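Here is the structure we will look at, set down as structure tokens.
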Amino acid sequence: MQLRADQLQESLNKGLAPIYFINGDELLLVQECCALILERALQEGYTEREVLTVEPGFDWNGLIHSCQSLSLFSSRRILDLRLPGGKPGEAGSRVLVELASEPPPDTLVLVSAGKLEKQTRQAKWCKALASAGVTVTVYPLEARELPAWIGRRMRARGLEPGAGVAQLLAYHFEGNLLAAAQEVDKLTLVFGGGAIGLDDIQDNLSDNARFNVFVLVDACLQGDANAATRMLSSLQAEGVPPTLVLWSLARELRNMALIAGKLAAGADQNQVWQACQVWPRRRPLVKQALKRVPGLQWQALLQRAARADRVIKGRLSGDTWQELWVLALAICGLRPPPAIG
């Protein structure tokens with residue numbers, strides 16, 4: 001069974017599945033999903049827990065023997081198996097399929113992993129775990145979702161955010177979910193509970209937003225010039241290499257130019273999504289950008305990216321970050337000044 005993270009608690013309230021597989025690239029949310037399962041398991045009498053981390057040389061045969069002997073020593077135990085790399089290998093795949101086909105008695109199996117590639121999600125062991133129990137894939141929160149998430153987290157800890165509080169915290173901690181969670185915990189320690197207003201938090205906040213290049217790309221495709229400018233300033237201040245920023249923008253531009261060209265030639269849209277690897281979650285973002293920026297302009301933006309590359313490499317005079325700023329705003333749909341050189 002496939003569930004969203006926000007459906008997990010309701011599912012747990014109805015009873016425990018024999019196997020849970022939690023994965024995603026937002027570590028905090030993965031850990032919190034696992035914590036919900038462990039809390040429920042404790043309530044159901046699973047008093048012992050074995051934590052195993054899969055590393056090079058991991059003994060998968062030993063895991064099978066351990067599973068077969070769990071019920072000899074305890075009525076109920078938890079097998080907490082962690083896959084940091086998200087790839088169990090051939091031997092691990094066989095063992096996970098075996099576990100899924102015949103879950104060990106009186107044992108709750110909890111498997112957790114980071115972000116999985118599409119090919120991995122289609123692997124036999126992934127499908128076996130989903131068929132035998134519950135799979136939750138955790139996706140990063142989008143910027144528009146962050147205020148509501150912060151608000152829920154504050155209320156769960158006895159804090160009542162006043163008008164604008166969750167929005168202000170989201171602004172400061174966008175791109176750093178762990179820091180946002182830590183800030184809520186700090187507010188709980190300082191205030192204990194009750195109403196929290198803007199005056200309570202403004203003086204103690206510093207801008208802890210940590211933007212990565214992929215979030216910058218999404219802001220540009222969304223046409224959010226203010227967010228893109230702020231992200232670029234943050235990346236520059238953090239010392240992120242401009243070559244990395246340009247690489248992410250240019251890669252997206254090449255894909256957008258390819259998509260625009262195929263659609264202009266009359267290709268079927270669904271086939272274009274597949275050919276250009278535009279997954280369902282990103283399609284609304286891409287469609288929005290295609291409506292805002294004319295098809296031929298994507299090629300012009302690629303030329304602008306080539307100019308930025310020459311500036312970065314010292315082949316043209318100019319300010320590197322100014323070039324990146326102009327390129328990002330152009331993707332947002334703002335007309336850049338004419339390039340010289």
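Condition check ((1) surrounded by fewer than 21 Cβ atoms within 10 Å (Cβ to Cβ); (2) not assigned by TED's automatic domain parsing to the domain that holds residue 104) across all residues:
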{"site": "128", "(1), (2)": "yes, no"}
{"site": "168", "(1), (2)": "yes, yes"}
{"site": "174", "(1), (2)": "no, yes"}
{"site": "180", "(1), (2)": "no, yes"}
{"site": "186", "(1), (2)": "yes, yes"}
{"site": "200", "(1), (2)": "yes, yes"}
* Structure fact -> For the range 6-51 the number of residues that are part of a strand (DSSP E or B) and closer than 25 Å to residue 178 by Cα is 6
* Residues of the range 255-283 being loosely packed, with under 13 Cβ neighbours inside 10 Å, at pLDDT 85 or above and of a type outside the set (S, T, N, Q), which ones? -> 264, 265, 266, 268
* Structure fact -> Given the conditions (1) more than 18 Å from the chain's Cα centre (by Cα); (2) assigned to a helix (DSSP H, G or I), every one holds for residue 110 apart from (2)
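If we scan the range 83-99, do we find a residue that is touching a Pro at 6+ places or on another chain (Cβ under 7 Å) and of a type outside the set (S, T, N, Q)? Walk me through it before giving the result.
If we filter the range 83-99 for residues that are touching a Pro at 6+ places or on another chain (Cβ under 7 Å), which is where we start, we get 96.
Filter again for of a type outside the set (S, T, N, Q), leaving 96.
Checking the range 83-99: at least one residue is touching a Pro at 6+ places or on another chain (Cβ under 7 Å) and of a type outside the set (S, T, N, Q).
Please verify whether the range 52-68 includes one or more residues that are part of a loop (DSSP other than H, G, I, E, B), under 30 Å from residue 183 (Cα atoms) and either among the acidic types (Asp, Glu) or within 31 Å of the chain's Cα centre (by Cα) (or both).
no
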* Check off (1) under 18 Å from residue 113 (Cβ atoms); (2) surrounded by fewer than 16 Cβ atoms within 10 Å (Cβ to Cβ) for residue 47 and give me the number that stays unchecked. => (1)
* Asked: Looking at the range 145-164, is at least one residue within 14 Å of the chain's Cα centre (by Cα), touching a residue at least 60 places away in the same chain (Cβ under 8 Å) and closer than 25 Å to residue 214 by Cα?
  -> no
* From the set of residues in the range 69-107 that are aliphatic (A, V, I, L, M) and over 31 Å from the mean Cα position of the chain (by Cα), which is modelled with the highest pLDDT? -> 70
* Structure fact -> Checked the range 295-315 for anything over 30 Å from residue 264 (Cα atoms) and of a type in the set (A, V, I, L, M, F, W, C); matches are 311, 312
* Selection count where residues are free of Cβ contacts under 8 Å to residues at least 60 places away in the same chain, surrounded by fewer than 18 Cβ atoms within 10 Å (Cβ to Cβ) and under 17 Å from residue 323 (Cβ atoms), scope the range 214-247 -> 5
* **Of residues in the range 130-158 being touching a Phe, Trp or Tyr at 6+ places or on another chain (Cβ under 7 Å) and not β-branched (Val, Ile, Thr), the one surrounded by the fewest Cβ atoms within 10 Å (Cβ to Cβ)** => 130
* The listed residue being modelled with pLDDT under 90 and either among the small types (Gly, Ala, Ser) or under 24 Å from residue 156 (Cβ atoms) (or both), out of 15, 57, 24 -> 57
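Specify which of the listed residues (316, 302, 327, 290) is in the same structural domain as residue 227 (by TED's automatic domain parsing), surrounded by 14 or more Cβ atoms within 10 Å (Cβ to Cβ), more than 26 Å from the chain's Cα centre (by Cα) and not in a loop (DSSP other than H, G, I, E, B).
Details: 316 fails: not in a loop (DSSP other than H, G, I, E, B); 327 fails: more than 26 Å from the chain's Cα centre (by Cα); 290 fails: more than 26 Å from the chain's Cα centre (by Cα).
Every option except 302 fails the conditions.
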* **Of the criteria (1) outside the structural domain of residue 17 (by TED's automatic domain parsing); (2) touching a residue at least 24 places away in the same chain (Cβ under 8 Å); (3) within 22 Å of residue 29 (Cα to Cα), which one residue 111 fails** => (1)
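Listed here are the residues, each with its yes/no results for (1) within 17 Å of residue 216 (Cβ to Cβ); (2) basic (Lys, Arg).
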residue: 239; (1), (2): yes, no
residue: 242; (1), (2): yes, no
residue: 262; (1), (2): no, yes
residue: 280; (1), (2): no, no
residue: 291; (1), (2): no, yes
residue: 305; (1), (2): yes, no
residue: 323; (1), (2): yes, no
residue: 333; (1), (2): yes, no
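The values are calculated or read from the model by the stated rules, or taken from the named source; none is laboratory data. Treat the numbers as computed from the prediction; the structure is a model and nothing was measured. As a convention, Cβ positions derive from the backbone with ideal geometry for all residues, glycine included, and neighbour counts pool all protein chains shown.
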